[in-house]
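Chemist: Okay, here's the structure, questions in a sec.
The values are calculated or read from the model by the stated rules, or taken from the named source; none is laboratory data. Please read all numbers here as calculations on a predicted model, not as lab measurements. We place every Cβ from the backbone using ideal geometry, glycine too, and count neighbours over all the protein chains shown. Heads up: the accessible areas ignore ligands, DNA and RNA and are worked out on the full protein's heavy atoms, side chains in. Shrake-Rupley method; radii C 1.70, N 1.55, O 1.52, S 1.80 Å.
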Amino acid sequence: MTAVTPQLISATLKALNQVVLGKETQIRLALTGLLAGGHLLLEDLPGMGKTTLAHALAGVCGLEYQRMQFTSDLLPADIIGASIFDRQSSAFTFHRGPLFSQIFLADELNRASPKAQSALLEAMEEQQVSVDGKTYALPRPFFVIATQNPQSQAGTFALPESQLDRFLLRISLGYPDPAAERKLLRGAEGRSQLNGLTAVLDQRRLQALQSLVPQVKLSDALLDYVQRLIAYTRDSDQCATGLSPRGAQALVRSAQSWALLQGRSHVLPEDVQAVFTAVAGHRLSGRHEAQGTPLARHILSQVDAVG
Amino acid sequence: MKTTAKTTVNAKAALSYSGTVWLLVLQLLVMLPFVQYLPQWLIPVLVFTAIWRIRVVKGYSNRPGLRVKITLIAIGMIGLQFSGLPFPSLDFMVTILLLGFAFKTLETDNPRDGIVVVFLGYFLLAVHFLYSQSILAGLYGALSLVVLTAVLVVIQHPLTFMHNRQSTQHTLRLSASMLLQCLPLMLLIFIVAPRLPPLFMLPLPSSQAKTGISDSMTPGDIANLSQSDGLAFRVTFKGDRPPQNQLYWRGLTLNHFDGRRWQQFADDYELRQLQRHFEQHYRWQPNQLEVRGTAIAYEALYERSGQPWLFTLTPVSEVYGDVLRVGDYRVMARRELQAPTLVKAVSYPDSLRDINLQPMVRQLALQLPPDTDPRTRTLARQLRADSDSEQDFIQRVLARYRTQPFHYTLRPPTLGSTDTIDRFLFDSQRGFCAHYAGSFVFMMRAAGIPARVVTGYQGGEWNAAGHYLSVHQFDAHAWAEVWLADSGWLRIDPTTLVAPDRVERGLEAAMQMEGSFLENQLFTPHNIEWLKQLRQQIDSVQYGWRRFVLGYDQDAQHNFLQNLFGELTVKKAVFTLGGLLLAIGFLWVILLGIKPLRQRHSPEQLIYQRFCKALAKQGITREHGQAPGDFARRAAAALPEQASAILDFNRSYERLCYALDKNEDKTALLGTLKQQLKQLQ
C-alpha cells in the first residue's frame, strides 16, 4: 500500500459524502464494491437517493458513464445496441447501445421485462455481448450499478436468485437521519452538487486501488470465521439455501476491499461483519425475519467471531 | 466419506515419506540396545537397507527384486553362520529376528508393511528385557514405546497439513498421552495379576557368564575378583548396622585341599549332585546350633550371578525364601541365580556351632594331601609341641604371621605347582586372603585341629543415601574356621594380622600404597568424593528398582496385598478389583469421550478467553458474534481507566490472529500478549 492510498481513499469518500448526505456506511460499501470489481445493486423505495449515489459514484471515479431508465417495454437491443442496414456500404453495421460504457447505470432494473434483464445480466457476467454471432467486448473497467424498487411495488419483475447472485453487493439506503434531512431540505447541498462534482479518481488510480484488494492478508483464523459463517448458512434451518462458493468468494473479496478502505493490510472479523449483510442479504433465499432482525444480522449474532 | 478417509488406512496406498523416515528411526531405536549382546554387524545391515529404502522413496534407486532379496538373505544367513552363535539359543533366534527386521525395510511399501514393522518392534522391545532389566533399560523401553506408538499413529493418520517439526511434536505428544492413559491399567496388572513362575527356562544368554565367587580357590582367583567392581548383592538391615569388621558374608566352605587348590569336596559335583549330596550327608541340623547373643535381621538382594551361592552372616537361624540350608551353616539357592533374588534372614553371630562335631565333618576338616609341604608340617608339629593348649597353638601360629615379614598384596608371585604352602610361608611371604587362610588351615590340620576355609565377601560399602550396604566383587574374601571342643567353630581371619585395614576399612584402603585396587580399570570413580556420592545416589535408585519392581514376585505380591487389604477373601478381591477396573474404565470414558468435545484452542485463543473472563468479571461480556475489535472498543468505552490496556491487548491479539504470515514466529508476540493480559488482571 503506497503512502498516497489512504489520502486518495479519504478524498474519494469525502467527495461522495458531500453529495449523498448522512449515508457514510452505504457510501463506503458502494466504494467497497467498486474496488472489489463487482456490480452493485442499490435497493430501496423511490426517492431515497439511489440514483444520486449512482451518479456520484460514476462522477467521482472519473469514468465515462451512461444511464438508462428501465421500463417494462424495454428491449434487449435498446440496451446492447443493434445492427442496422447501411445503404451506402450495403452492409449491416452494429450501433452500440448505452451498455458500452465504463459505468452503466440501470435505473429501476426490476421494471424491465425478464428478457431485457437477462440481456444485461449476461453482459455483467461475461463482460462482452454477442449480437448476430459477433462478439463485442465491453470497455474496461465495466461496472453495472443497478437500482431497484422493492418487489412489493406494483409493476416490477423480481430478479431470479441466479441473477441476483451476479451482484457483489446489495445496498439499501434507508431514510436519512434528521440532521441530514434538514440539510437536504434547505437545498444547500445534495443533488445540486452533482454537477460541480470533480473526479477524484481516474481510470489508472482506480485500477491501482483495485489491484491492492487481493493483497490484503487473509489469516487462517479469519478464514476459519468465514467458513463458520458459511457453514451456518448451509446447516441452519433458518436459511432455505446456504451461501454458494461464489457467494463465499464475494464475501472474502468484499471484506478485503472494506479492510483496504479502512487503511488496513489485513482483514479482521469486523470487516467481514461490515460487508456480510450487503453480500449475503440478496443471496440467502427469502427475507426470513428471525425475531424481527434480518436474517444476515441474525447469523452474525449466532456465529462466534473468535476461536 | 470424509470421516472414513480419515480413520481407515488404505493398505494398498504408498507409505508417505515421513512415515518411512519414522519407521527407519524406530528400527534403529529398537535394534540399538542389542548391540551390546549380539553381533554388531546388524546395525550396518540396517543402515544399508535404510539408505536403499530412502533412495527408493526418492526415486534414485529401484526396488530390490526377488533375486536381490534372496541373495541378501543368503548373505545374512552366512554372516549368521560366521558369528559363531550356538544353534538352539536365544541369541541365535533373536539375531535371526533382528536380521529379518532389518531386511523388512527393503519392502515396506505400504502402511500394512509399516504396521508389521511396528508390531515386530513391540515384540523386540519385550525381547530386550531378557537381556537387561536395569532401570536404564526400562527407561529406554518406555521411550521406545512412545516412538513406536507415534509411528503407528503416523502410519494410520499422516498429518500432511503440518510442518515437520510441528507434526513430530504433535504425534509424540499424542502417543505419550495415549500411553499415559494405559498407565493405570498397567499398574493394576503389575500389582494384582498372578505372578506365575516361568513355564519353561530359556537357555541363558551366552554373554552372561558366571560371575562372583567360584566353588574352588586357587591362589590367584580372588585377586581376579578383586579387580572387578561389579555388584554382588545389597543388604538392608532391620535394626542397626553391625560394625564393619563383623560383616563376614559366608558363601561356601572349602574342605578339600589337593596341594594347590581348595575345593568343597574331593569330587567335583554338578549342582544337582551337590544338592543331593548335601541332602543325604550334610544336612542342616537345627539342634547343632545354640543360639546366643543379639539377632541381626536383614534382607539381601542378590544380583544375577549364574551360580547358586548366597551370602549370609554366620550362623543364620531363620531364613525366608526358596533356599537350601547346609550343615556347614551356609545358605544356598536351589538353582542358579538367573534373576535378582531376595532373601530375608536372621543371624546370631555369637551363637555356638557344632559343639558335637559329626565324625564325617571332622574327617572332612582334617583332610590333608599326603606328603606335601614338609616344612609347614614340621613347623606346625613343633609349634603344637611348644603350646600348652590348642588355643595357645592358634595364638602362636597367628603370632608368626604378625612377626614374620608377611606382606599383603594383590600381585603375589607365583607359587609353582607343588609345596605351595611351604613356598608361601617360608619363601615368598607375599599374598592375599586366600594365601593366608589356606596356609592357616593347613597348619591347623597339620596339628590335628579341625579347620576349614570359608569364602564369601567381607565388609561392603555403606550407602548413606539409601541406608543399605552394597557388597561388590572386590569385597570377595577368604577366611578360616577352626573347631575347638568347648566353643565349636570359631572364625579366624589371619589376613587381619597382616593387613588390618583390609577388614576395618575395606580393600581400597588396604591397597592404597600398592595402587593395585581395580588397577585394570581405566576410570575408577572410587577416589573422587562427589562422584562417589553421585554413584551412591544412582545405586540407591537402582536398588529400589531391583527390590520393588524386579523383586516383586509371588511372595512380595502376597505380602503387599495382605498389608493393603488384610486377609484376602474372594469377595474382597472381586469387589476391589472390579472397583478399580471400573474406575479405570470410567477414566477412559472421560478421557476418550469427553475430551474431544472440547475444542482444541491455539495459545492465543486461550489467552483471549482469559481476557474475556477478566472483563466479564468487571461486567462486560462479549456477545457471541461480536468481533474482537468491536468488543474491545465497547469495553474501553465502559472502563475508561483501563481503556488503553484493553485496546493495546486487542491490537496485539488482532495482529497475532489476523496479520501474521503463516510461517512467522509467534512466540515474541504471544509473550507480549500475556504481559498485556497481566496488566489487565
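Chemist: Only residues that are under 15 Å from A:Q215 (Cα atoms), open to solvent by less than 50 Å² (accessible area, probe 1.4 Å) and free of Cβ contacts under 8 Å to residues at least 40 places away in the same chain: list them for segment A:236-265, please.
Modeler: Passing the criteria: A:V252, A:A255.
Chemist: Still on this structure, I have one more. Please go through segment B:388-421 and give me each residue that is open to solvent by 80 Å² or more (accessible area, probe 1.4 Å) and of a type in the set (D, E), ordered by number.
Modeler: B:D388
Chemist: For the list (1) at pLDDT below 80; (2) within 30 Å of B:D665 (Cβ to Cβ), I need the number of the one condition that B:F565 fails.
Modeler: If we test B:F565 against (1) at pLDDT below 80; (2) within 30 Å of B:D665 (Cβ to Cβ), just (2) comes out false.
Chemist: What is the residue count in segment B:82-91 for residues that are farther than 17 Å from B:P44 by Cβ, open to solvent by 30 Å² or more (accessible area, probe 1.4 Å) and either touching a helix residue (DSSP H, G or I) at 6+ places or on another chain (Cβ under 9 Å) or at pLDDT 85 or above (or both)? It would help to see each step written out before you state the result.
Modeler: Start the filter on segment B:82-91 by keeping residues that are farther than 17 Å from B:P44 by Cβ, which leaves B:84-91.
If we keep only those that are open to solvent by 30 Å² or more (accessible area, probe 1.4 Å) as well, we get B:84-88.
Subsequent filtering for residues that are either touching a helix residue (DSSP H, G or I) at 6+ places or on another chain (Cβ under 9 Å) or at pLDDT 85 or above (or both) retains B:85-86.
Looking only at that region, the number is 2.
Chemist: For segment B:70-186, please list each of the helices (runs of 4 or more DSSP H) lying entirely inside it that holds at least 1 residues being under 14 Å from B:G19 (Cα atoms).
Modeler: Once the helices (runs of 4 or more DSSP H) in segment B:70-186 are filtered for at least 1 residues that are under 14 Å from B:G19 (Cα atoms), what remains is B:111-131, B:135-156.
Chemist: Which numbered condition in (1) open to solvent by 80 Å² or more (accessible area, probe 1.4 Å); (2) under 27 Å from A:S265 (Cα atoms) is the only one that B:Y653 fails?
Modeler: It fails just one condition, (1).
Chemist: Here is a follow-up. For segment A:208-225, enumerate the residues that are within 14 Å of another protein chain (Cβ to nearest Cβ) and in a helix (DSSP H, G or I). Write out each step before concluding.
Modeler: Initial filter on segment A:208-225 (within 14 Å of another protein chain (Cβ to nearest Cβ)): A:215-225.
Hits for segment A:208-225 are A:Q215, A:D220, A:A221, A:L222, A:L223, A:D224, A:Y225.
Chemist: On to the next question. Is it the case that B:L337 is in a loop (DSSP other than H, G, I, E, B), within 24 Å of the chain's Cα centre (by Cα) and assigned by TED's automatic domain parsing to the domain that holds B:E481?
Modeler: Numbers: in a loop (DSSP other than H, G, I, E, B): yes; within 24 Å of the chain's Cα centre (by Cα): yes; assigned by TED's automatic domain parsing to the domain that holds B:E481: yes.
So B:L337 passes the test.
Chemist: Could you check, for segment A:132-145, whether at least one of its residues is of a type in the set (V, I, T), under 19 Å from A:H39 (Cα atoms) and touching a strand residue (DSSP E or B) at 6+ places or on another chain (Cβ under 6 Å)?
Modeler: In the first step, residues of segment A:132-145 are kept if they are of a type in the set (V, I, T); the result is A:135, A:144-145.
If we keep only those that are under 19 Å from A:H39 (Cα atoms) too, we end up with A:144-145.
With the extra rule that they be touching a strand residue (DSSP E or B) at 6+ places or on another chain (Cβ under 6 Å), the set shrinks to A:144-145.
Yes: one or more hits.
Chemist: Which residue pairs have Cβ atoms under 7 Å apart, sit 6 or more places apart or on different chains, and have a first residue in segment B:545-567 that is free of Cβ contacts under 8 Å to residues at least 40 places away in the same chain and a second that is surrounded by 11 or more Cβ atoms within 10 Å (Cβ to Cβ)?
Modeler: B:Q562/B:L568; B:F565/B:K572; B:F565/B:T576
Chemist: Here's something else I'd like to know. Could you please find all residues in segment A:148-172 being at pLDDT below 85 and buried (at least 22 other Cβ atoms within 10 Å of the Cβ)?
Modeler: Listed by number, the residues that qualify are A:Q148, A:L159.
Chemist: Here is a check on your reading of the model: is A:T241 more than 9 Å from every other protein chain (Cβ to nearest Cβ), in contact with a Cys (Cβ under 6 Å, 6 or more places away or on another chain) and over 25 Å from B:S652 (Cα atoms)? Even if it seems obvious, please write down each step before you answer.
Modeler: Numbers: more than 9 Å from every other protein chain (Cβ to nearest Cβ): yes; in contact with a Cys (Cβ under 6 Å, 6 or more places away or on another chain): no; over 25 Å from B:S652 (Cα atoms): yes.
So A:T241 does not fit the description; no.
Chemist: State yes or no: is A:R228 open to solvent by 30 Å² or more (accessible area, probe 1.4 Å), within 14 Å of chain B (Cβ to nearest Cβ) and either within 21 Å of A:V213 (Cα to Cα) or modelled with pLDDT of 85 or more (or both)? If you could, list the steps in order and put the result at the bottom.
Modeler: On the way: open to solvent by 30 Å² or more (accessible area, probe 1.4 Å): yes; within 14 Å of chain B (Cβ to nearest Cβ): yes; either within 21 Å of A:V213 (Cα to Cα) or modelled with pLDDT of 85 or more (or both): yes.
For A:R228, the condition - open to solvent by 30 Å² or more (accessible area, probe 1.4 Å), within 14 Å of chain B (Cβ to nearest Cβ) and either within 21 Å of A:V213 (Cα to Cα) or modelled with pLDDT of 85 or more (or both) - is met.
Chemist: Return the residues of segment B:293-336 that are touching a helix residue (DSSP H, G or I) at 6+ places or on another chain (Cβ under 6 Å) and open to solvent by 30 Å² or more (accessible area, probe 1.4 Å); say none if nothing qualifies.
Modeler: Listed by number, the list is empty, since nothing qualifies.
Chemist: Which of the following residues is touching a helix residue (DSSP H, G or I) at 6+ places or on another chain (Cβ under 9 Å) and surrounded by 23 or more Cβ atoms within 10 Å (Cβ to Cβ): B:T455, B:T376? It would help to see each step written out before you state the result.
Modeler: On the way: B:T376 fails: surrounded by 23 or more Cβ atoms within 10 Å (Cβ to Cβ).
None of the others qualify; the one that does is B:T455.
Chemist: Name the residue that is nearest to the other protein chains (Cβ to nearest Cβ), counting only residues in segment A:249-285 that are small (G, A, S) and assigned to a loop (DSSP other than H, G, I, E, B).
Modeler: A:S265
Chemist: Quick one: A:S72 ticks every box in (1) at pLDDT 85 or above; (2) hydroxyl-bearing (S, T, Y); (3) not in a loop (DSSP other than H, G, I, E, B) except a single one, so which number is it?
Modeler: (3)
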